[in-house]
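Here is the structure we will look at, set down as structure tokens.
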Amino acid sequence: MSAELERIDPASIPYRTLYTGAKIPAIGFGTFGSDRFTATEIAEAVFGAAEIGYRHFDCAAVYGNEKEIGVSLQKIMSSGVQREELWVTSKLWNNKHAEEDVIPACRQTLQDLKLEYLDLYLVHWPFPNHHGPGADVNSRDPLAVPYIHENYIKTWRQMEKLVELGLARHIGTSNMTIPKIKLLLRDAKIKPAANEMELHPHFQQPDFFKFCIDNQIAPIGFAPIGSPTRPDRDRMPDDTVDIEDPVIIKIANKLNVHPAVICVKWAVQRGQIPIPFSVHAAKYWSNLKAATTEPLTEEEMREIACIDKNNRLIKGQVFLWQGAKDWQDLWDQDGEITS
């Protein structure tokens, strides 16, 4: 840990209570390196983040770094942090949706992370549509299909078995939409404890956010500061930049902090669970610190609520199926599942 960075007491970090009664830290540490950072760099950042006080780590098999992170988690626990103090999330990748693949995929993740159980296991995308590492925006899986609920619920039944087997304490969804989750809530035996979704000041998803809260599904927000290191395939000319928004900059200047801190502070205060990512100690320290310092004023929260631009950054073009119109078909824009 850098000598100049004070350790933040994990007990001072706010938490959210899931419908099971379990407590999840209200800010986590993302581990998606966007093909820009090595697995070793990210694993070292995980260890450094734990040293300064992070206890919540958001992983995924497809990130290609769980083995290295597993070594860091072992070091963290060897240093005196109890397993029960950690919250570790991972995700089922799209090419493992088949009923016979779900449980082995989770067991592989547990082996890589050197853990006996996950606190939360998510279905990474609601489609079995695959892409390889470093795929560009025009990559397409020739076997890609639209959302088929009958297939998704078969995958979900295996996710439920993971809970019964004790391999995952909670299960959840990611990159979903309201109509898809409505069907899942109708048919699930174990309902999702969380939904991971893109959330930042320029993409606030107010209806979906409220839907999750109303249904006791914790909203976990990725890209909380507008994902400045996202893959090139997810960069479009008309994307807006949250940390350059005049309202964000004005509040940051007033508090004498980086604009990214305001995005994180807003997220925690609003009630989602942001999972910012950085390999730089000063940045991940300031993100965690944001969750423990003086809250934004009601007026500042209102001002940020007014800068929503409905600017989705992670559009997901690589998951489109033959015959789909464009990336908006992935997100059920009109409230109906696109088939």
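The values are calculated or read from the model by the stated rules, or taken from the named source; none is laboratory data. Because the structure is predicted, anything quoted here is derived from the model rather than measured. Neighbour counts are summed over all protein chains in view; Cβ atoms, including those assigned to glycine, are modelled from backbone coordinates with ideal geometry.
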Exercise. Considering region 126-176 alone, what residues qualify as being surrounded by 16 or more Cβ atoms within 10 Å (Cβ to Cβ), closer than 17 Å to LEU320 by Cα and small (Gly, Ala, Ser)?
Worked result: ALA135, ALA144, SER174
For this session: Can you confirm whether region 10-33 contains a residue that is over 18 Å from the mean Cα position of the chain (by Cα), closer than 18 Å to VAL264 by Cβ and polar (S, T, N, Q)?
Result: yes
For this session: Among the numbered conditions (1) of a type in the set (S, T, N, Q); (2) under 19 Å from the mean Cα position of the chain (by Cα); (3) buried (at least 22 other Cβ atoms within 10 Å of the Cβ), tell me where SER72 comes up short.
Result: (2)
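Answer with yes or no whether LYS91 is farther than 21 Å from ILE153 by Cβ and either buried (at least 19 other Cβ atoms within 10 Å of the Cβ) or over 19 Å from the mean Cα position of the chain (by Cα) (or both).
Values: farther than 21 Å from ILE153 by Cβ: no; either buried (at least 19 other Cβ atoms within 10 Å of the Cβ) or over 19 Å from the mean Cα position of the chain (by Cα) (or both): yes.
So LYS91 does not fit the description; no.
From ILE103, ILE76, ILE69, grab the single residue that is within 24 Å of LEU143 (Cβ to Cβ) and either out of contact with any helix residue (DSSP H, G or I) (no Cβ under 7 Å at 6 or more places or on another chain) or not basic (Lys, Arg) (or both). Before you say what the answer is, go through the steps one by one.
On the way: ILE76 fails: within 24 Å of LEU143 (Cβ to Cβ); ILE69 fails: within 24 Å of LEU143 (Cβ to Cβ).
Answer to the selection: ILE103.
Give the residue, chosen from ASP308, ASP329, that is in contact with a His (Cβ under 7 Å, 6 or more places away or on another chain) and not hydrophobic (A, V, I, L, M, F, W, C).
Working: ASP329 fails: in contact with a His (Cβ under 7 Å, 6 or more places away or on another chain).
Residue meeting the stated conditions: ASP308.
Based on this model, can you work out whether LYS315 counts as among the basic types (Lys, Arg) and surrounded by fewer than 14 Cβ atoms within 10 Å (Cβ to Cβ)? Please lay out each step first, then the result.
Working: among the basic types (Lys, Arg): yes; surrounded by fewer than 14 Cβ atoms within 10 Å (Cβ to Cβ): no.
No; evaluated as a whole, the condition is false for this residue.
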Exercise. Would you call ALA267 surrounded by fewer than 18 Cβ atoms within 10 Å (Cβ to Cβ), in contact (Cβ under 8 Å) with a residue 60 or more places away in the chain and part of a helix (DSSP H, G or I)?
Worked result: no
For this session: Determine if region 275-283 includes at least one residue that is in contact with a Pro (Cβ under 7 Å, 6 or more places away or on another chain), in a helix (DSSP H, G or I) and either surrounded by 19 or more Cβ atoms within 10 Å (Cβ to Cβ) or acidic (Asp, Glu) (or both).
Result: no
Exercise. Among the residues of region 228-249, is any more than 26 Å from CYS59 (Cβ to Cβ), of a type outside the set (D, E, K, R) and crowded, with 23+ Cβ neighbours inside 10 Å?
Worked result: yes
Exercise. How about region 124-174: which of its residues are within 25 Å of ASP58 (Cβ to Cβ), of a type in the set (Gly, Ala, Ser) and modelled with pLDDT under 95?
Worked result: GLY132, GLY134, ALA135, SER139
Exercise. Given the conditions (1) of a type in the set (S, T, N, Q); (2) touching a residue at least 40 places away in the same chain (Cβ under 8 Å); (3) over 19 Å from VAL241 (Cα atoms), which single one is not true for GLN333?
Worked result: (2)
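Looking for whichever is among the hydroxyl-bearing types (Ser, Thr, Tyr), closer than 27 Å to ASN151 by Cα and out of contact with any helix residue (DSSP H, G or I) (no Cβ under 7 Å at 6 or more places or on another chain) here; the options are SER174, SER227. Which one fits?
Details: SER227 fails: closer than 27 Å to ASN151 by Cα.
Exactly one of SER174, SER227 is among the hydroxyl-bearing types (Ser, Thr, Tyr), closer than 27 Å to ASN151 by Cα and out of contact with any helix residue (DSSP H, G or I) (no Cβ under 7 Å at 6 or more places or on another chain), namely SER174.
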